[in-house]
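The values are calculated or read from the model by the stated rules, or taken from the named source; none is laboratory data. Computed from a prediction, not measured in an experiment: that's the story for all the values here. Cβ placement follows ideal geometry from the backbone for every residue including glycine, while neighbour counts extend to all protein chains displayed.
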Amino acid sequence: MEFDLENPLPPWNENFPALFNKENDHMPSKNYIHSLISSGSNLAIRHKIASSIVDISREFDPFLPYLAVNYMDRFLSAQSIPDGKPWIFRLVSVSCISLALKMRKTEFSVSDLMDDGGLMFNSVTIERMEMLILGALQWRMRSINPFSFVNYFISFFKSDDKPSIQSLKNRATEIILKAQNDIKLLEFKPSIIAASALLSASYEFFPMQFQPFRDAICGCFYVIKEDLQHCYDIMQEAAAAGCSAAVLRSLTPANVLDFSSSISDSQSNEMSEAGISGSEIRGIRRQKIEHFATNNSSQLSQKHQ
């Protein structure tokens with residue numbers, strides 16, 4: 001039976017209290033998370049292996065690399081590996097993908113995980129690394145993850161419109177997939193990440209229903225309000241940064257002039273006469289626009305705090 005990230009427990013034990021009670025067992029250790037934040041070398045190792053996982057598994061479904069990276073984080077939190085040996089990074093990434101593929105019941109061969117001209121490993125070497133990873137994970141391969149809690153929390157969203165519910169779920173799924181790249185979110189329980197992603201999606205798609213949705217989730221017995229707020233704030237900061245970049249890409253000369261923060265043509269002429277180059281003027285204008293976009297994004301995120 002294929003492992004479903006939304007339903008990680010076996011059918012005979014598929015209930016939400018069990019998910020909440022066991023989710024801590026499927027998280028990286030606090031020491032590992034602290035080392036990522038404080039140590040550049042550990043962060044570099046994680047980045048190299050995670051990037052390799054994404055690169056190798058790009059042709060499979062998006063849940064596969066998510067599961068493989070989850071295995072990687074939990075493995076690295078229990079087993080240190082030396083830096084400066086690219087072949088070890090590659091072997092860990094290939095082995096995590098191999099385990100994820102087996103859990104997802106996806107047909108593959110070892111050659112599917114090898115790049116042309118890259119490092120090659122035989123099946124015996126990969127199996128040995130898989131055993132090391134399984135030992136570090138205590139054979140807990142049915143990872144309890146944020147997707148496991150989406151259906152639970154989405155039930156707090158009051159709507160009979162199935163397309164709206166599906167849109168909310170799809171957007172939350174996108175946010176969760178991206179959230180795995182932010183090491184600041186590793187410290188939060190999968191349930192908190194799921195709830196925060198749904199709230200972020202709700203604010204984007206259904207802002208009028210955001211507050212009652214948030215109140216309902218905060219009333220959940222399993223949710224620590226402070227953790228939810230902190231996780232949500234981090235997601236909003238990431239979204240605001242992305243929004244600022246999107247605003248800058250979409251700006252045209254016409255709407256740039258609409259901003260009170262932009263430099264007018266007369267100011268630009270005065271600067272030119274003062275000997276300031278065109279590139280310097282454009283740089284000043286860009287800084288002002290970036291400031292404008294960032295402030296507006298920040299104000300938007302503060303409206304519902």
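Key figures for this structure:
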{"read-out": "Where ILE49 falls short, out of the listed (1) surrounded by 14 or more Cβ atoms within 10 Å (Cβ to Cβ); (2) free of Cβ contacts under 8 Å to residues at least 12 places away in the same chain; (3) among the aliphatic types (A, V, I, L, M)", "value": "(2)"}
{"read-out": "Among (1) of a type outside the set (A, V, I, L, M); (2) surrounded by 13 or more Cβ atoms within 10 Å (Cβ to Cβ); (3) assigned to a helix (DSSP H, G or I); (4) within 17 Å of the chain's Cα centre (by Cα) - the single one PHE20 does not satisfy", "value": "(4)"}
{"read-out": "Meets criteria (surrounded by 18 or more Cβ atoms within 10 Å (Cβ to Cβ), polar (S, T, N, Q) and at pLDDT 50 or above) for GLN236", "value": "yes"}
{"read-out": "Tally, over region 190-202, of residues that are without any contact (Cβ under 8 Å) to a residue 40 or more places away in the chain and among the aliphatic types (A, V, I, L, M)", "value": "3"}
{"read-out": "Qualifying positions in region 126-147 - among the aliphatic types (A, V, I, L, M), touching a residue at least 40 places away in the same chain (Cβ under 8 Å) and part of a helix (DSSP H, G or I)", "value": "LEU132, ILE133, ALA136"}
{"read-out": "Subset of region 74-87 [at pLDDT 90 or above, in a helix (DSSP H, G or I) and either of a type outside the set (A, V, I, L, M) or more than 21 Å from the chain's Cα centre (by Cα) (or both)]", "value": "ARG74, PHE75"}
{"read-out": "Filtered residues of region 160-206 (kept if assigned to a loop (DSSP other than H, G, I, E, B) and either in contact with a Gly (Cβ under 7 Å, 6 or more places away or on another chain) or over 20 Å from CYS218 (Cβ atoms) (or both))", "value": "ASP160, ASP161, GLN180, ASN181, ASP182, LEU186"}
{"read-out": "Filter result (in contact (Cβ under 8 Å) with a residue 60 or more places away in the chain and farther than 20 Å from ILE165 by Cβ) within region 203-228", "value": "TYR222"}
{"read-out": "Sole residue being touching a residue at least 40 places away in the same chain (Cβ under 8 Å) and either exposed (fewer than 13 other Cβ atoms within 10 Å of the Cβ) or of a type in the set (Phe, Trp, Tyr) (or both), chosen from PHE108, PHE121, PHE156", "value": "PHE156"}
{"read-out": "Residue within region 93-102 that is surrounded by fewer than 20 Cβ atoms within 10 Å (Cβ to Cβ), modelled with pLDDT under 90, in contact with a Leu (Cβ under 9 Å, 6 or more places away or on another chain) and under 21 Å from GLU127 (Cβ atoms) present", "value": "no"}
{"read-out": "Qualifying residue in region 42-65 (condition: of a type in the set (Ser, Thr, Tyr) and more than 18 Å from LYS184 (Cα to Cα))", "value": "yes"}
{"read-out": "Test for VAL150: is it among the β-branched types (Val, Ile, Thr), in contact (Cβ under 8 Å) with a residue 12 or more places away in the chain and under 19 Å from LYS22 (Cα atoms)", "value": "yes"}
{"read-out": "Failed item, numbered, when ASP61 is tested on (1) under 22 Å from the mean Cα position of the chain (by Cα); (2) surrounded by 12 or more Cβ atoms within 10 Å (Cβ to Cβ); (3) in a loop (DSSP other than H, G, I, E, B)", "value": "(2)"}
{"read-out": "Criterion violated by LYS30 - all others in (1) within 20 Å of LEU91 (Cα to Cα); (2) touching a residue at least 40 places away in the same chain (Cβ under 8 Å); (3) among the basic types (Lys, Arg) satisfied", "value": "(1)"}
{"read-out": "ILE37 vs. criteria surrounded by 12 or more Cβ atoms within 10 Å (Cβ to Cβ), under 22 Å from LEU185 (Cα atoms) and touching an Asp or Glu at 6+ places or on another chain (Cβ under 8 Å)", "value": "no"}
{"read-out": "Flag for ARG90 being basic (Lys, Arg), within 21 Å of ARG140 (Cα to Cα) and either surrounded by fewer than 14 Cβ atoms within 10 Å (Cβ to Cβ) or touching a Leu at 6+ places or on another chain (Cβ under 8 Å) (or both)", "value": "no"}
